[in-house]
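The values are calculated or read from the model by the stated rules, or taken from the named source; none is laboratory data. Computed from a predicted structure; not experimentally measured. Note: ideal-geometry Cβ built from the backbone for every residue, glycine included; neighbour counts use all protein chains shown.
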Amino acid sequence: MMRERTVEGGAAPQLRFTALDHIVLWVSDLDRAKHFYIEKLGMSLLRERLGPDTGNANPRDPDFRSFVGFGTYRIGLFQRPDIDVPAVNRLSHFALMVDGESLEELRDRLHQIGVETHGREGAPDHPCLYATDPDGHRIQFLVAPER
C-alpha cells in the first residue's frame, strides 16, 4: 500500500510561491495545438509570436509560440521546426481542475467535443479522467470537490 506524506523544506530558505505561473509544451503543429486548447477546451488566446524575433540571440527560443489560458493560468505552446516533439516530451502530465461537473458529466462533455478519455478514473475521493492533446501530452481532468 502506497502512503503519501508531506515533507518539510530542507536547509534552503523557504520561498513563498504564490502560484504556478505557466507551463510550456513543445508542439509539432502550432495551429492544431491552438485549435485543441482554444476551440475544444475553451481557453483564450493570450498572446503569440508567429515569426523570427531578430532581437533574440537564444537559439533554443522558438520563433513560433502562443500562450493560451484561463483565469491566471497559462500554457505556452512552442513550435520549432528542428524539434522532434516525442523526443522532448518528458512531461508526465498536467492537471486541470474542472468545477461544476460530476465525473460522468465531465466524461460526456469531453466526448461531445471530440476528446477521448483513457486511463484510470481515480478513486472515489479523487475523481479524474485522462486525455491526450494532439502532441501526446497527457492531461488529467480533476473533478473539483463540492464546496
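A few remarks follow.
- Test for Val85: is it in contact with a helix residue (DSSP H, G or I) (Cβ under 7 Å, 6 or more places away or on another chain) and modelled with pLDDT of 70 or more: no
- Filtering segment 93-147 to residues that are in a loop (DSSP other than H, G, I, E, B), out of contact with any helix residue (DSSP H, G or I) (no Cβ under 7 Å at 6 or more places or on another chain) and hydrophobic (A, V, I, L, M, F, W, C) leaves Ala123, Ala144.
- From Gly9, Gly51, residue being of a type in the set (Gly, Ala, Ser) and modelled with pLDDT of 70 or more: Gly51
- Asp108 being at pLDDT 85 or above, over 16 Å from Lys34 (Cα atoms), of a type outside the set (A, V, I, L, M, F, W, C) and outside the structural domain of Leu25 (by TED's automatic domain parsing): yes
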